[in-house]
Structure formats: structure tokens, C-alpha cells
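Okay, structure first, notes after.
The values are calculated or read from the model by the stated rules, or taken from the named source; none is laboratory data. Since we're looking at a predicted model, the values are computed, not measured. FYI the Cβ positions are ideal-geometry reconstructions off the backbone, even for glycines, and counts take in every protein chain you see. The area values use the complete protein model at the heavy-atom level, side chains included, leaving out ligands, DNA and RNA. Shrake-Rupley method; radii C 1.70, N 1.55, O 1.52, S 1.80 Å.
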Amino acid sequence: MKKLGGSGHDDLTTDKNRPCNRARRYFLQQAAAIGAGAALYSVPLVSSVQGSEAALQKVLNDSVAAGKVPFVVGMTGKASGVTFTGAAGDAALGVKAAPDTVLRIFSMTKGVGSTAAMILIEQGKMDFDTPVQDVLPEFAEIGVLEGWDGDNPKMRAPKVKATARHLATHTSGLEYEFWRGEVAEYLAKTKRPSIVAGTKAAMFYPMMTDPGTRWGYGPSIDWLGLMAEKISGQRIDVFLKQNLFEPLGMKDTDVEVRPHMQGRLAGVKERGGDGKFGDTDLAPPSNPEVYGMGHALYSTPQDYMRFLRMFLNKGALDGNRVLKESSVARMLENHMGPLKFEKMVTVAPTITADFDPFAGTTKTHSFGFMRNEADIPGRRKAGSQSWAGVLNTHYWFDPTADLAGIITTQTLPFVEPPFMAAYEAFEKAAYGNA
């Protein structure tokens, strides 16, 4: 395998003890274990025809008061500007939650990484159907797991070559261990690290199915980020800064916690068996071998809203264009053909609950986001795009209704019912259905 160069940052303040903190060790050990009071903030608002500020803020206040979250930040916006911003609770000891609270956004990184690839596709430097191994020959080492010969995995070559489109839509065959027990068993028996280790070796999960045959959530976007690095000739964080973060004014979005962000970094909580939240630690590794585009970013709600509003504005924000209108339209289409989003069934309940958003409705995947194919009564419209991060940082954007929403905290388990109840109430309020 070709080894990527180190990151070599000297101008950063790291998230304390990130490479070896307790919860991150626990997160990494899951595979082995399984196999064996707030105010509105002064962000400029534009008038909204959707939910009222009072109704939205009430959802945030009530969610903290009821113990659904220890703190929460919520925002809504449309193409022309932010329509609501509010928060409730303390993000850290003595630090009130706010729109500029710094969060570990984990899988909210995926939409950003996919957008990086879309920029290169627009530039003609790659294509949706570029085979991954044509850019990264080492990807050809990955086979499909068919079973076991004792403790030795039985592998075969995939029937088709995985492409950039397969990576962006989670149809590459790569799946996470937290929702696929066979992957956890593979990591445990082969002693391979979890993807959040930040090493190149950690990228080599087995395929569970042939590319293009099933939606399965996993580390695909980490490989898409490596494709973007190789094709652009820039490390992914440098590419993102130049092509997305600086043009969009996302000053608090980075792969590291910079000094100006440190004082606003939220704490992480985990719900215990008694139903109460306790302190824990979980974060991407600092200065890793690979900045994985599945999980590596820190951001703030107000920064990420700028990213979402760029899509509502069809590729531009405040006069700065990062994608053509035609590229945005193409990116947000269904890119997985007849395949559909599959219910995510947990095998690690302390990390995540089951996830089947809007059960019974059809969901597909665009080149970057889960895509709803039907209107949800009182909520988002068909064509809406969304995703989330494992510490319950969630977002959606609805081009038909010209509405984007963010509701975030920093808690485990992911998508636990109390949080999802708060999310539903917030989204309904955003559409004026509180």
C-alpha cells in the first residue's frame, strides 16, 4: 500500500487527549467487543414564511428541560439568509450553547467531502463513474467477504469495479461495523483498526456486497476524499479551504480545533443506563495520517448553515460561486438508480440506535446526501436532502420549500428516540406546524 504523507500541523490547539481518550478507545473497541436555558442570538435574520421564532425556540427549551438533550442549537435558513437561530443549555461547563459553538460533526463531513469531488467533476478532472482503482490502485486490494475458514476470512474479487458514484451513494459494498456484525467480526479477527483511527490501514474494510447491488452505510466517502486528494494534487483540508470554506465564509470549519475555536468547543455526553447524561470523550484523531472525509471535520451550526444555503442558492453564496447551477442540479439527483436506502440496524446500541427515517417512505441517495423521494406531511418535501453525525448533529435542506434546518448537540447514542422526538418537533415548527 502506498503511504500518504503526514499532516504536519504546527498551528493548532488539539481537542484534549483526542488520540487516546476513553470514549474514542471504547468506540474503536466496539468491533472487537461485538465480534467477540437559552436566548436568541444576534445573527442577522431575514423574514421567514415558515415557522415562528417563538415556536422554534420553545422546542429547544423544552428539549433541554425534558432531558432529551443536555444542550441544543437550532437554525433555519433559506436562500436569502438565516431565518432563525437559537439555543438552549450549556455546551460545556460555564459555556452557553450558541450558533458559534464548535462541534465534532463526524458524518456531516460526508456531504462536504462529496462536494469536493463534485467540484472536480465539474472541472472535468474526474467523472461520476471513474473507477476508484484507476485513481487509487491500492483500492483493488479490497475484496468481498464471503465467509470464514476458521479465523481466516474467505474473500473474492468484486464482480464490478467500484466507482466514485458508488462511493458517494454508499453502494460500494463498504459498511461500518456498528451496523454490520460481519464487519465487526472481520476487524476483530484480522486485528484491523476502525476507520476512526485515522490511518491508511484503517481504510481497508472488506466489501460486504458487490458494488452497485445494495445501499450499505460505511467508510466510502473516506475513499472519495482520497480520490479528490490524488486528482487535485492537494491534501483534502487544503483543497476544502481554498474551494469551499474560504469562498463560503466558513471560518470555523476545519479538520483541527484551531486556537480561535478552542474556547467554544462543546463537551460530549453519553446517556447512561439510568437515563441521565454523563461526561465522555469522543473526537477524530488529531494530526492523523488520513483526514477521513467520513468524519474528520469540526464546524459550527452557523458555518454549516452557510454550506446548506449554498445549495439552496444553486451553488453560490454572497456572490461567491463554488458550483455551477447545473452541477448542483446534477449532484442532488438520485444517483443510485433502482436501489433504495436500507434501514440501519444497530449491533452497537451504546453507540447508535436503529435508524430508519420516515419509515415506509422511499429514500435514495444523491451524490452526497440521503434524498427523500416523497413529501413528508407537515415536514420536508420530495427532493429534500439530509444527513447527520454520530454525536447527533443533524441537518436537512429542502430546495422545493427553500428551507434548510440544523438541530445539533453532542451526545450518544446516535438517533436515540428522545433526540429524534426533538428533531421531529423542530422540523414541524420550521414548517409552521408546531
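Could you list, in sequence order, the residues of the range 68-87 that are open to solvent by 10 Å² or more (accessible area, probe 1.4 Å), closer than 23 Å to residue 414 by Cα and out of contact with any Gly (no Cβ under 7 Å at 6 or more places or on another chain)? Once the filter is applied, which keeps residues that are open to solvent by 10 Å² or more (accessible area, probe 1.4 Å), closer than 23 Å to residue 414 by Cα and out of contact with any Gly (no Cβ under 7 Å at 6 or more places or on another chain), the range 68-87 yields only 68.
Answer yes or no as to whether residue 361 is in a loop (DSSP other than H, G, I, E, B) and touching a Gly at 6+ places or on another chain (Cβ under 7 Å).
no
Only one of the numbered conditions (1) of a type in the set (Gly, Ala, Ser); (2) within 25 Å of residue 298 (Cβ to Cβ); (3) touching a Pro at 6+ places or on another chain (Cβ under 7 Å) is violated by residue 383, and that is (2). If the condition is being under 16 Å from residue 304 (Cα atoms) and part of a helix (DSSP H, G or I), then the range 238-277 contributes 240, 241, 243, 244, 245, 246, 247, 248, 261. Being closer than 24 Å to residue 332 by Cβ and more than 17 Å from the chain's Cα centre (by Cα) is a property that does not hold for residue 157. Close contacts from the range 115-144, counting a first residue that is under 22 Å from residue 205 (Cβ atoms) and of a type outside the set (Asp, Glu) and a second that is in a loop (DSSP other than H, G, I, E, B) and open to solvent by less than 20 Å² (accessible area, probe 1.4 Å), with Cβ to Cβ under 6 Å and a gap of 6+ residues or different chains, come to 132/162. In the range 240-255, the residue that is farthest from the chain's Cα centre (by Cα) out of those that are open to solvent by 30 Å² or more (accessible area, probe 1.4 Å) and more than 14 Å from residue 317 (Cβ to Cβ) is 242.
Of everything in the range 221-239 that is touching a helix residue (DSSP H, G or I) at 6+ places or on another chain (Cβ under 6 Å) and among the hydrophobic types (A, V, I, L, M, F, W, C), the residue that is most open to solvent (accessible area, probe 1.4 Å) is 231. Would the range 198-220 turn up any residue that is of a type in the set (S, T, N, Q), open to solvent by 30 Å² or more (accessible area, probe 1.4 Å), under 18 Å from residue 106 (Cβ atoms) and assigned to a loop (DSSP other than H, G, I, E, B)? Scanning the range 198-220 turns up at least one residue that is of a type in the set (S, T, N, Q), open to solvent by 30 Å² or more (accessible area, probe 1.4 Å), under 18 Å from residue 106 (Cβ atoms) and assigned to a loop (DSSP other than H, G, I, E, B). As for the range 409-427, it holds at least one residue that is part of a strand (DSSP E or B), at pLDDT 95 or above and of a type outside the set (A, V, I, L, M, F, W, C). Based on what the data block shows, is residue 96 open to solvent by 10 Å² or more (accessible area, probe 1.4 Å) and at pLDDT 95 or above? Against the criterion (open to solvent by 10 Å² or more (accessible area, probe 1.4 Å) and at pLDDT 95 or above), residue 96 qualifies. Considering the range 182-195 alone, what residues qualify as being buried (at least 23 other Cβ atoms within 10 Å of the Cβ) and among the β-branched types (Val, Ile, Thr)? 183, 195 - these are the residues of the range 182-195 that are buried (at least 23 other Cβ atoms within 10 Å of the Cβ) and among the β-branched types (Val, Ile, Thr). The set of residues from the range 286-297 being surrounded by fewer than 24 Cβ atoms within 10 Å (Cβ to Cβ) and not small (Gly, Ala, Ser) comprises 287, 288, 289.
Per-residue answers, yes or no, for (1) open to solvent by 10 Å² or more (accessible area, probe 1.4 Å); (2) among the hydrophobic types (A, V, I, L, M, F, W, C); (3) within 15 Å of the chain's Cα centre (by Cα):
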site	(1), (2), (3)
385	no, no, yes
389	no, no, yes
406	no, yes, yes
416	yes, no, no
419	no, yes, no
422	no, yes, no
426	no, yes, no
431	yes, no, no
434	yes, yes, no
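Tell me, please, whether a residue that is buried (at least 18 other Cβ atoms within 10 Å of the Cβ), of a type in the set (Phe, Trp, Tyr) and assigned to a loop (DSSP other than H, G, I, E, B) can be found in the range 334-357. Yes, that holds for at least one residue. Restricting 283, 296 to residues that are among the aliphatic types (A, V, I, L, M), in a loop (DSSP other than H, G, I, E, B), under 30 Å from residue 337 (Cβ atoms) and within 17 Å of the chain's Cα centre (by Cα) narrows the list to 296.
Would you check which residues across the range 391-404 are touching an Asp or Glu at 6+ places or on another chain (Cβ under 9 Å) and crowded, with 22+ Cβ neighbours inside 10 Å and list them?
392, 396, 404
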